[in-house]
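> One structure follows; several queries about it will come next.
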Amino acid sequence: LGLAEIGSDETIAWYRHAEIKHGRVAMAAFVGYIVQSNGFHFPWPIAFDGTPFPYAAGSPPEQWDALSPAAKWQIILFIGFLEWFSEAAGTHYMRGGVPGAYPKFSDYSMIPHPVPFNLFDPFGFSKNKSEEAKASGLIKEINNGRLAMIGILGFISEQRVEGSVPLLKGLVAHYDGETMAPFA
């Protein structure tokens, strides 16, 4: 595609960070879609009034539709906070930072209380790995993220237009809602 010739090192870092971040989101979405589609859900209520998790609503998009507007806003605002923190803390990926690295909560006073885990490496599995092993893991993560982006879009496409993904025909329930309008 010639993307490397289009812009500066900062532009390439932005592309790489976006690819890694969207791949991570897609991997979580793909796994979440499969888990929710198979009936696994949180066992506790989602509101103080005892409202249960809307697993009986059907497919994951239908479960989203069944959430209250307050619950949807809570999820969206939390994601917004994570985005803000990743952009505001640490060395930015367009200014010499590492694309895909998420800043540690424990390193910044922006967070008013202690957070027990960090998003980038919550259990410290990669802190003692060699640079070669980390680079190899990043390539695997990028490739898995690319495949997960295709996978989650395949699920959503098949739900909206039956037969659009032949391998999923009959496996994914049809969805009549509006996928791209979270509050519709």
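The values are calculated or read from the model by the stated rules, or taken from the named source; none is laboratory data. Note that this is a predicted model, so its numbers are computed, not measured. As a convention, Cβ positions derive from the backbone with ideal geometry for all residues, glycine included, and neighbour counts pool all protein chains shown. These accessible areas exclude ligands, DNA and RNA; they are computed on the full protein's heavy atoms, side chains included. Shrake-Rupley method; radii C 1.70, N 1.55, O 1.52, S 1.80 Å.
> With a cut-off of 19 Å, note down the residues of the range 51-93 whose backbone N falls inside the zone around a label point 7 Å from the Cα of Asp121 toward its beta carbon.
86, 90-93, by backbone N distance to the label point.
> Roughly what would the spin-label model give for Tyr108 and Glu131, points 7 Å off Cα along C-beta, in nm?
Rounded to a tenth, the inter-label distance reads 2.6 nm.
> How large is the helix-only mean residue ellipticity at 222 nm for the chain, computed as the sum of -39500 (n - 2.57) over DSSP H runs with n ≥ 4, divided by its residue count, in deg cm²/dmol to the nearest 500? Show your work: numbers first, answer last.
Details: 5 runs with 90 residues, N = 184.
The helix contribution divided over the chain gives -16500 deg cm²/dmol.
> Excluding residues on the same chain fewer than 8 positions from Lys72, give the lysines whose Cα lies under 22 Å from its Cα.
Reachable lysines: Lys21.
> Ranked highest first by the average count of other Cβ atoms within 10 Å around their residues, in what order do 31-41, 105-115 fall? Don't skip to the end; give the middle numbers.
Values: 31-41: 13.7, 105-115: 10.0.
Ranked from most to least packed, the peptides come out as 31-41, 105-115.
> Counting only protein heavy atoms, what percent of the accessible surface of the chain is carbon or sulfur at a 1.4 Å probe? Write down the numbers at each step before the final one.
Working: 8260 of 12720 Å².
Carbon with sulfur: 65 percent of the solvent-accessible area.
> Could you work out how far apart the two model spin labels at Tyr55 and Glu19 are, taking each label as a point 7 Å from the Cα in the direction of the beta carbon, and quote it in nm?
So the label points at Tyr55 and Glu19 sit 3.8 nm apart.
> Determine the gain in length on full extension of the stretch Glu162-Phe81; use 0.36 nm per residue of separation and subtract their C-alpha separation, reporting nm with one decimal. Before the final figure, lay out the partial values.
Details: separation 81, 0.36 × 81 = 29.16 nm, distance 3.59 nm.
My answer for the length gained is 25.6 nm.
> Now, a different point. Could you check the spin-label model distance between Leu153 and Phe183? Points 7 Å from the Cα along Cα→Cβ, value in nm.
Once both label points are built, they end up 2.7 nm from each other.
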